[in-house]
Ligand code: BTN
């Protein structure tokens with residue numbers, strides 16, 4: 001039985017930790033649709049009544065069979081070793097603020113990694129947290145629009161105790177255990193609780209303005225792409241230039257060789273280094 005002890009007001013106070021499900025983001029979507037039941041698949045948690053659904057509801061799973069990444073990619077986990085969790089946020093924010101929730105969440109994960117492991121995380125805009133240039137965490141933020149309201153689902157995947165990385169991702173992915181000197185398994189409950197605590201603190205700060213003005217300096221200090229050549233790809237075009245940091249709307253500023261500055265929205269774009277992953 002997993003226990004989450006979050007020192008928060010709302011985020012993570014109501015949580016469900018499933019043995020196995022398709023995707024924790026999808027669990028929250030189903031909860032929003034059909035009221036208050038959760039279908040788990042492992043037998044131990046087959047059906048749970050969670051009462052009314054609140055801002056901050058968190059769903060975690062030891063294994064996702066259809067974990068989702070950004071831009072239609074898959075997110076594959078190793079059973080029982082990592083963190084897969086989704087948090088429901090019911091913001092009183094304008095829709096233009098939603099993409100910034102990903103950036104806010106990345107800051108929370110980076111802070112937890114630093115606090116819990118002493119490692120030096122960096123952020124690859126908009127949603128990856130890296131250690132030593134390799135990804136330990138990905139974030140998928142989805143907007144759910146209902147009758148007269150909308151919510152945000154933040155899905156966070158952190159490679160915690162996974163020691164084996166498949167060959168095809170070994171160059172670009174890592175885990176907390178593989179990066180830490182002791183090579184001892186880390187406490188997933190404590191890490192998840194800390195992320196939720198940091199998320200609440202950053203999210204409250206973010207909600208004061210509805211933009212990144214209070215957080216952009218901290219974010220830019222961790223931005224691995226800063227002053228590096230990047231290629232920004234979206235479904236319609238690709239531009240290359242030097243990433244200069246984010247602005248107060250969370251857009252990546254890219255200076256192209258003609259001296260023009262482009263403001264890139266997170267949306268469906270992917271950013272790569274011109275010569276590699278970063
Ligand atoms: C990415 O890097 O492309 C985003 C990965 C997001 C993975 C997390 S794991 C918890 C939540 N449930 C999902 O299906 N995806 C997110």
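The values are calculated or read from the model by the stated rules, or taken from the named source; none is laboratory data. These numbers were taken from a predicted model, which means no experiment stands behind them. FYI the Cβ positions are ideal-geometry reconstructions off the backbone, even for glycines, and counts take in every protein chain you see.
Table for the structure above
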quantity	calculated
Scan of the stretch 228-261 for residues that are loosely packed, with under 14 Cβ neighbours inside 10 Å and not in a loop (DSSP other than H, G, I, E, B), ordered by number	238, 261
The stretch 54-88, residues that are crowded, with 18+ Cβ neighbours inside 10 Å and out of contact with any strand residue (DSSP E or B) (no Cβ under 9 Å at 6 or more places or on another chain)	81
Residues within the stretch 179-196 that are more than 20 Å from the chain's Cα centre (by Cα) and within 16 Å of the ligand (Cβ to nearest atom), tallied	0
The one condition in (1) outside the structural domain of residue 102 (by TED's automatic domain parsing); (2) at negative phi that residue 211 fails to fulfil	(1)
Among (1) touching a helix residue (DSSP H, G or I) at 6+ places or on another chain (Cβ under 6 Å); (2) in contact (Cβ under 8 Å) with a residue 40 or more places away in the chain, the one test that residue 245 misses	(2)
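Conditions (1) surrounded by 16 or more Cβ atoms within 10 Å (Cβ to Cβ); (2) at pLDDT 95 or above; (3) within 16 Å of the ligand (Cβ to nearest atom); (4) not in a loop (DSSP other than H, G, I, E, B), marked per residue:
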residue: 161; (1), (2), (3), (4): yes, yes, yes, no
residue: 177; (1), (2), (3), (4): yes, yes, no, yes
residue: 213; (1), (2), (3), (4): no, yes, no, no
residue: 226; (1), (2), (3), (4): yes, no, no, no
